[in-house]
4 protein chains.
Amino acid sequence: MMARTRRPIPRLEDDYSRAAAAKRLEFIGEATGARPEHIGRHCLDPAAVAGNVENFVGAVQVPVGIAGPLLVDGEHARGEFYVPLATTEGTLVASYNRGMKLLHAAGGVQTTVMDDRMQRAPAFGFDSAREARAFGQWVTASFDDIRQQADATTRAGRLHDIEQFSASRFIFLRFNYTTGDAAGQNLTGKATSRACDWILAHYRGVRRFCLESNLATDKKSSQVNILHTRGKRVTAEATIPAELAREVMRTTPEQMFLARQLSNLGGLLSGVNNNGNHSANGIAAMFVATGQDVANLAESSAGLVYAEVLPGGAYYYSITIPALIVATYGGGTGLPTQRECLELLGCYGSGKVRKFAEIVAATALCGELSLGAAVVAGDWVGAHERLGRNRP
Amino acid sequence: MMARTRRPIPRLEDDYSRAAAAKRLEFIGEATGARPEHIGRHCLDPAAVAGNVENFVGAVQVPVGIAGPLLVDGEHARGEFYVPLATTEGTLVASYNRGMKLLHAAGGVQTTVMDDRMQRAPAFGFDSAREARAFGQWVTASFDDIRQQADATTRAGRLHDIEQFSASRFIFLRFNYTTGDAAGQNLTGKATSRACDWILAHYRGVRRFCLESNLATDKKSSQVNILHTRGKRVTAEATIPAELAREVMRTTPEQMFLARQLSNLGGLLSGVNNNGNHSANGIAAMFVATGQDVANLAESSAGLVYAEVLPGGAYYYSITIPALIVATYGGGTGLPTQRECLELLGCYGSGKVRKFAEIVAATALCGELSLGAAVVAGDWVGAHERLGRNRP
Amino acid sequence: MMARTRRPIPRLEDDYSRAAAAKRLEFIGEATGARPEHIGRHCLDPAAVAGNVENFVGAVQVPVGIAGPLLVDGEHARGEFYVPLATTEGTLVASYNRGMKLLHAAGGVQTTVMDDRMQRAPAFGFDSAREARAFGQWVTASFDDIRQQADATTRAGRLHDIEQFSASRFIFLRFNYTTGDAAGQNLTGKATSRACDWILAHYRGVRRFCLESNLATDKKSSQVNILHTRGKRVTAEATIPAELAREVMRTTPEQMFLARQLSNLGGLLSGVNNNGNHSANGIAAMFVATGQDVANLAESSAGLVYAEVLPGGAYYYSITIPALIVATYGGGTGLPTQRECLELLGCYGSGKVRKFAEIVAATALCGELSLGAAVVAGDWVGAHERLGRNRP
Amino acid sequence: MMARTRRPIPRLEDDYSRAAAAKRLEFIGEATGARPEHIGRHCLDPAAVAGNVENFVGAVQVPVGIAGPLLVDGEHARGEFYVPLATTEGTLVASYNRGMKLLHAAGGVQTTVMDDRMQRAPAFGFDSAREARAFGQWVTASFDDIRQQADATTRAGRLHDIEQFSASRFIFLRFNYTTGDAAGQNLTGKATSRACDWILAHYRGVRRFCLESNLATDKKSSQVNILHTRGKRVTAEATIPAELAREVMRTTPEQMFLARQLSNLGGLLSGVNNNGNHSANGIAAMFVATGQDVANLAESSAGLVYAEVLPGGAYYYSITIPALIVATYGGGTGLPTQRECLELLGCYGSGKVRKFAEIVAATALCGELSLGAAVVAGDWVGAHERLGRNRP
């Protein structure tokens, strides 16, 4: 195609330093003709981001607004929370805030972590399907040994079980772990890798091996994760008295429910991974604010919404997020501003991840109701006109 | 559930000011017992974020690394680019950088914007399916009038066509727009809302109306968007000589191709929205860096990867991102650090959105090859051990 | 694997004769040790099945029961029908019959053919995505010529439009035809083949061509066909007064609706192609009875069910079958017993296919309500115990 | 809608008699003006179809052709088989026959039953997600008791395990049974019903119960069944030497493999439940011939095809049918002609169901290769022109 003399990005001996970052910024300024002034102004200690980024040059600053108080009746999160949302999309904070007000008046959001597991799913190939089946039986029989290998690599993780799926002459093993307060993709990778080394050393006849082949679908949405959970499976639910809906949302449960039915029908047609309204908005804003791995939004954007108009006229509404991948320790959670956002929620550090998952789900529920009501009440476009002034 | 005296978040007359932000920070510090010191330190002008966020308190700082040079042979992006990636996940920048090095040596990445459209999809209900069908026919016949209404609301957008989908006694109209350099969700919302007002005023017999019912699946992944494009549909492709793969990636095209086949098979089993490796990683990092609406990652995480080992042994590899939603104008793109990141790519402002889309796709392709090769060569877990030091 | 002397099936000069069939039956009797006595007893004229089957040996006899009267308020089917159902599954006819009784009392089933099209979807490969895009533009510009080629091959079919889908360096063209009273898979194959010959002769640069590559999904269920119709898209709908439901079905609309909500939720989890109950049962029985291509059940089993409890308490219920593939002419429709079954419905021969499609959909609706009510009323298992006596 | 005096179908005291059937035929003849002569001519004993059909009037006769010899190297099916195919679609038998010839020469088809289970999946609703979770834990702890209840209702079936899936405040229990030689939908219904009675009697707090809510997806295709098997999960595989492909199929493994890649890509776009060619054709024809429940084709039409060009140039090809629902006992298998078709395969009666499943899968594989090669070699449309003469 094209021939070029490639000018690699400069690296220094002491590469995680202000000097190295400055040198790189200067280099790309020169290379591109741009003059970045703000990227280099930040509160990060370059030495401290060594595990977060390579070729460090600085930081982007994402505006944070707060919504709340969010009233949560969880098992881990209890009481009122003020939720930091990092976003550049006007209306988002206001919309979540409106939903939080509604559900505060309704008595709060009940949250439950239904399941908790993280995966890595290697594939093993054989000469024939029959040999693949025999391998699957051996894996079942050897589970204790395999678990011992996996668990030896990590303090935070525990191998819970191995699901098996077959196609052609391959067996896909889905290793399910509990991972403590880490999201766990790396520890499960390491543990599964060790377990597979042991398997490969002890089982003859494996002709093909791949540590991951789309059965755990990291950073991708899939039916298997909707069915079987990846990260936390959290349900948030609330019941809104009819008069409250009318007063705060300017609509009725019946109207909202009819719109919900239509969304379900449309979703069947379109093959969507979420029959709700926009849970990715709130989840994305919390992920950026609290130093989560933002790419996990691919999976965490799936959602199952279920609603009922109760006999007395109140509106029961729930969202289940089947693959919410979050951490309160490691990764970006320890960076200065991100850590502060977690601290505002009382969620920084060990023992906090389920609390955080509950707050995320409760926040998502507020947004569902807020946007759902806005669409029905017809003031959706109006709100964007009023608040989203930075939009063309 | 619980009864509480709700303490609302303070707002000031001059709400987009340092004073208002500080007052809110103080308020939540008091309410939560946390003492946020870094969130308030930022380079943002509070008055300038009025269209980006409500209840503004400050900013989170996300580390940025650069990868490159990325050699692109696009129609809009041509030449070398240094790509800013905002991430907290160790290894990510290094992995993309490695892929860029490989594809630079291979002659670069060819990119093509295959399609470009943004949607809003209202639903209309009737007394019967037969009346729904009649409505659909009327819409087809009235297209010019409807377009006139829609187009009158926006300078940047143009209504291109209206796709119709039916189920039960409902017709879902998928309004397809071109939207210039904006992502366009808001302008399409406004234009479609106006068009629907006109429809509702001119067609009798509509019993139910909803401006959106899961046929455009904003912030959600869906088959309809994979088939029909939402935002930009971009393909990035490259051909890697066999010796280059061996040298840089420590594997062969044949081995990578076999792993690819296995990923396809696994993806069929799991019902995944992306048969590639991890395109969401690079896309997320570019979205955060450049002020995109991060929640769009839900749709933009879908990907179609296709590869071939060519007769001479070289490896043809491509990724098609069917719903890449990006902007170079409006939203968060004008914030100081985000704008600088776009400027580093020569992508800030009007007339740049396809260029930016091409760079995103080219970056994604580099990451696909890099991780794909790492998994095959077996050094995936090792790299995370070495670079991802902030992980538990 | 194994080495064998292969004994081919005997064929005679006059192969579609009783003699040839008898010779083959004798041959397999000898080869297998079985002594088939009934297969050879049938009312088929061997010469007349020449277009239906090869290596003809006889016939299987499938029991037929009738259900009805089914009251239909369609555009093509109007009045009462007695529906022949060929099945071996006890309870099936009784269940559909019960539903027909209910909906007769409710005033009948309204049916509407919403769309009608049959496809073939060839794929074209190029050196790059950019060339693929150029080809797509050329196809759009050349549509009239392409249509002329396609239409010249058939009297019954007309090319309506060509949808385009792209991925990597390929363009998939979905040719949509109307096909009169034939199901049309063969005529669309022939017409598209001719059109593609013309394309290949007139467009340079096509590197790969395949007449079908899973974008029309013949004999397979797919989202594209649910969205875009394959065969007939038919909706059947009815409204059941509350007291009628209680009386005939021993349940209430409210209870049935709640069960429906649960089915929708379960279907989201399981990734099902039909949120209804069992429409494949009635459709299969009608397909076998009337000489349809039974393999089309793969597509025709998809269904979209939508229900509402109306303000006054009545139950609105509908099913949309998005890919109902039927014929009243050609294929197996002219065989003696199959033709009689079509004649019982007044549906044999030309000009009848939409009438038949409406009756199929109306029948399906009756079965949905019948089983839906039975599951809710708790007499489902009981009915199978009582009627399905040939089951272990 | 319409008011009618309903004329019910006549029933006699001795309803499963020639007299009753004749009376009904006469009745519908009168009602419709048709004069069915052939439906009443059959070899069925009306008394013997009492468990297969209600309102019996006669039979349809479906032509049967045979294909073979099919060479199978299974665990249950071993050797040569002549396969009866009941179809009305010209070319079908010829196409399968051609594939059988190819794979006979290649040494036969290896088949493996990878899994075997039948389901019923009731849903239980609670006041909250938390109570749903508690119920799930109780079910796990009470498994032995539940199994005892379920197993007490059936000799053929055994409850193997209960998978749990949650959404909102519901738990879906997927009861997995082995069912011997029966397809098992009825026995699992009965067993699960009994188990649920016991559950409902012993667990307080169940607010909603439904015996089936789309998590077993009877008569419907779903991802959960592709992942988790419904009926038999069977893989058929074969390796074709390159020269054989060229000779018999007039194409090469490389060309077929490229077409396969394109089918995979198209299938990703279209969201298809089967990346193969047309397995539903052969499976439908065997289902009709052997008295299977034809509606199960909805599930059994799903297929996972995987192929490789081996280093030496041979073509490895496999199909996995994840939800093949078959029986060799009960239902329609005992009807005269259907039983003979099973006997031709040595598959009638107890202890034969896995053998039959293997033959079905081996047949499907032959059809995949035959059509796959025909499409690539370009003689597909030609074959239909030549053989499918009864087509318009």
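Every number in this text was worked out from the coordinates using simple rules, so none of it is lab data. Predicted model only: the values in this text are computed from it and were never measured. Here Cβ is always computed from backbone atoms with ideal geometry, including for glycine, and neighbour counts include all displayed protein chains.
Summary table
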quantity	calculated
Net charge of Cβ neighbours under 10 Å - reference C:S166; Lys, Arg +1; Asp, Glu -1	+2
Structure-based [θ]222 nm, chain A - -39500 (n - 2.57) summed over DSSP H runs of at least 4, per residue, nearest 500	-12000 deg cm²/dmol
Relative contact order [Cα under 8 Å, 6+ residues apart], segment A:221-360, whole percent	33 percent
Label point 7 Å beyond Cα along the C-beta direction, distances from B:E254 to other copies (nm, shortest first)	1.4, 7.0, 7.1
Neighbourhood net charge (10 Å Cβ-Cβ; Lys/Arg +1, Asp/Glu -1) for C:I319	-2
Distances in nm from C:L200 to the matching label points in the other copies, shortest first (labels 7 Å along Cα to Cβ)	4.4, 5.3, 6.2
Residue mean of other protein chain beta carbons inside 10 Å, B:39-48	5
Anisotropy class of segment C:1-136 from Cα gyration tensor, a/c 1.5 cut	oblate
Long-range HN-HN contacts of D:A167 with modeled amide H, under 5 Å	D:F172
Entries of A:K220/B:K220; A:K219/B:K352; C:K220/D:K101; D:K101/D:K232 with Cα pairs more than 19 Å apart	A:K219/B:K352; C:K220/D:K101; D:K101/D:K232
Innermost chain C residue relative to the axis carrying C onto B, by Cβ distance in angstrom	C:Q223, 2
Ascending list, in nanometres, of distances separating the D:E75 label from those of the other copies (7 Å, Cα toward Cβ)	4.0, 5.5, 5.5
Sequence-distant aspartates and glutamates (8 or more away, or on other chains) whose Cα lies within less than 15 Å of B:K23	B:E13, B:D14, B:D15, B:E37, B:E54
Karplus-derived 3J(HN,Hα), 6.51/-1.76/1.60, for each residue of segment C:347-360, Hz, glycine and proline x	10, 7, x, 6, x, 10, 5, 6, 4, 5, 4, 5, 5, 4
Extension gain from C:R204 to C:S17, taking 0.36 nm per residue of separation minus the Cα-Cα distance	62.4 nm
Residue-averaged beta-carbon neighbours from other chains (10 angstrom radius) around B:227-233	4
Tensor-based shape of chain A (alpha-carbon gyration tensor, a/c under 1.5 rounded, otherwise prolate or oblate)	oblate
Globularity ratio of the protein assembly as shown, using Cα Rg and 2.2 N^0.38 Å	0.88
Cα shape, segment A:149-234, gyration tensor, a/c 1.5 rule	oblate
Relative contact order (%) - criterion: Cα under 8 Å, at least six apart; region: segment C:15-61	51 percent
For D:186-194, mean number of other protein chain Cβ atoms within 10 Å	4
Percentage relative contact order, chain A, counting C-alpha pairs under 8 Å, at least six apart	20 percent
DSSP loop trypsin sites (Lys or Arg not before Pro) with at most 16 other Cβ within 10 Å: longest gap in chain C	C:251-388
